[in-house]
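Have a look at the structure below before the remarks.
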Amino acid sequence: MKITRVKINGYRGLSEKEIFFDNGINVIYGENESGKSTILNFIENTLYAGVYENLEDNRPWFSSYFSGELDLKVNNNILSFNREFSKSLSITKLDDGATFVFDKNRTYNPSDFLPFSREVFNEISIINFSKDFNKIKNVNSLNEYLLSIIFSSDYFDSNKILINLDKEKNEIGTDRMSNKELGLINKDILFLEKSIDSTNFDLLIKRKEEILSDLENDLKIEEDKISHENNNIIHKKLLERDYLSSRIHNFKSSKLLFCIIEIFSFVFAIFGLIKSIKVLTLLSSIIFIAFLLVLVLNIKYNNRLLEQINNLNNDIELYLKNNKNIDSYEINILKNKIFNLRQEIEIQKEARDENNNYKLRILDKKKMRQELLDKRELIIQLMDIIDISQKSVIKKLLGDISKSTSFYLNKLTNGKYKRVIFDSDMLIKVYEEKKSSLHRS
């Protein structure tokens with residue numbers, strides 16, 4: 001009897017869980033309350049519970065589907081159990097497609113499909129290492145228990161099982177066997193532990209990031225300082241340009257007045273000539289010439305101011321252009337320090353990540369080692385179980401044979417030979433009735 005597949009649609013805390021069992025040993029392991037016992041209880045109730053048996057305590061917590069499937073190999077036949085708990089059960093023989101449906105009109109009897117009872121199943125089908133195997137007193141139960149852990153055949157050969165288990169145990173090896181699985185994993189762990197750098201990278205990176213933050217603050221202060229100086233220089237030039245522009249604007253205002261005075265003085269000079277008023281002509285001529293000279297001088301001065309403004313504009317533009325990407329000596333030093341420090345931090349982070357990767361790989365290797373140790377311990381316990389069970393079966397069977405043989409031998413020899421005992425080496429010890437001599441064959 002081999003369970004090949006379990007599908008839980010909804011049962012207690014499990015839902016939409018499908019498990020395929022391989023040939024050999026299948027171990028269900030996990031944290032407390034992770035659902036190990038739930039799987040075992042689901043298997044038991046799927047195989048043995050009545051169609052309308054009250055299983056309300058097992059209703060799913062997170063699903064509305066209280067059902068599941070189970071595939072079982074029995075005597076070269078594969079049975080597929082499809083159960084909706086407390087409602088219906090159908091069993092299909094996958095080899096010929098025959099289907100049996102159980103409901104209120106047809107009662108389900110597990111013994112029609114399964115080789116042993118629910119009590120025997122609970123006793124022998126699930127390997128539970130907390131169980132006291134000495135409590136299994138029924139010889140048939142022991143025999144069925146041994147049958148339930150056969151790996152690759154449908155007949156019972158406990159010696160073959162012990163040989164296979166011993167071979168598997170030797171393949172795992174021990175910590176000191178360098179060419180076996182455990183030894184190779186230990187080698188990897190030692191190599192990885194030697195590769196780990198003991199430097200506290202997090203502390204080192206934190207300190208360098210603090211220094212980097214200080215340098216960045218210094219750089220900002222220095223840039224603000226340079227920017228302020230540059231702004232002051234440009235501001236002075238702009239003020240000077242604005243002052244000159246205001247002078248030109250004032251000249252334009254006064255030029256109109258000069259032109260009006262020139263016109264009036266010219267008119268009065270002509271009028272004086274016509275009327276022969278020498279004083280008026282002389283004064284008007286002097287005023288005309290004087291303001292004409294002033295106007296000419298102002299025009300020259302205005303042109304010179306315009307030239308100065310153009311020079312200032314060129315200076316401002318050139319200054320902005322030349323100082324846009326030019327840093328001071330102090331700023332360049334700070335930028336170089338910041339660049340180098342950032343590179344160092346990146347290198348330290350890469351080293352930290354690599355170190356953490358080593359640590360994670362060590363954890364994985366240790367987990368693999370523990371799994372192998374658990375597997376090895378499981379194999380050793382299985383070997384002990386099989387050995388104890390085998391001896392118990394043999395002892396029981398030989399005891400039964402000895403009793404029946406002693407009875408008939410006593411009759412055949414008219415009481416000369418009273419007792420026959422088969423020892424563990426299958427040697428027969430025959431005891432006479434009164435003598436202490438022992439005939440061994």
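Throughout, read-outs are computed from the coordinates displayed, never taken from laboratory work. Everything numeric here is computed off the predicted structure, so don't read it as measured data. Here the Cβ positions follow ideal geometry from the backbone for every residue, glycine too, while neighbour counts run over all protein chains shown.
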| query | Roughly how big is region 227-337's charge dipole about its Cα centre, with Cβ charges of +1 (Lys, Arg) and -1 (Asp, Glu), in debye to the nearest 20? | reply | 260
| request: Using the Cα centre as the reference, give the magnitude of the dipole from point charges on the C-beta atoms of region 2-115 (Lys, Arg: +1; Asp, Glu: -1; all else neutral), rounded to the nearest 20 debye. | output: 120
| remark: Sorted by chain and then number, the residues having a modelled amide H within less than 5 Å of the amide H of Lys73, at least 5 places away or on another chain, are Lys2, Ile3, Thr4, Leu79
| field | Set of aspartates and glutamates with alpha-carbon distance to Lys335 below 13 Å, sequence-local pairs under 8 removed | value | Asp214, Glu216, Asp218, Glu222, Glu223, Asp327
| note | Mean shadow area (nm²) of the C-alpha convex hull around region 2-115 is 7.5
| Suppose R0 equals 56 Å; then what is the FRET efficiency for Ser117 and Asp218 from their Cβ-Cβ distance, rounded to the nearest 0.05? | 0.05
| query | What residue among Asn58, Gly68, Phe81 has its Cα farthest toward the positive end of the dipole of region 2-115, where the charges are +1 on Lys, Arg and -1 on Asp, Glu, each on the Cβ? | reply | Phe81
| remark: Heads up, region 38-101 by the C-alpha gyration tensor (a ≥ b ≥ c square roots of eigenvalues; a/c under 1.5 rounded, else a/b over b/c prolate, else oblate) looks prolate
| Once the dipole of region 179-338 is set up with Lys and Arg at +1 and Asp and Glu at -1 on Cβ about the Cα centre, which of Leu297, Ile333, His249 lies farthest towards its positive end? | Leu297
| Of Lys36/Lys167; Lys167/Lys194; Lys237/Lys300, which ones are farther than 31 Å apart at the Cα? | Lys167/Lys194
| note | If each part is reduced to its alpha-carbon centroid, region 189-240 and region 81-122 end up apart, in Å, by 76
| field | Furthest towards positive pole of dipole, Leu215, Ser227, Phe191, structure part region 175-260, Cβ charges | value | Ser227
| said: Could you tell me the center-to-center distance, by alpha carbons, between region 12-40 and region 325-367 in angstrom? | reply: 46
| field | Members of Lys225/Lys337; Lys73/Lys366; Lys2/Lys169; Lys206/Lys359; Lys236/Lys337 lying beyond 29 Å, as alpha-carbon distances in this model show | value | Lys73/Lys366; Lys236/Lys337
| remark: Quick shape summary for region 248-311, equivalent ellipsoid via Cα gyration tensor, semi-axes whole Å in descending order, reads 32, 10, 6
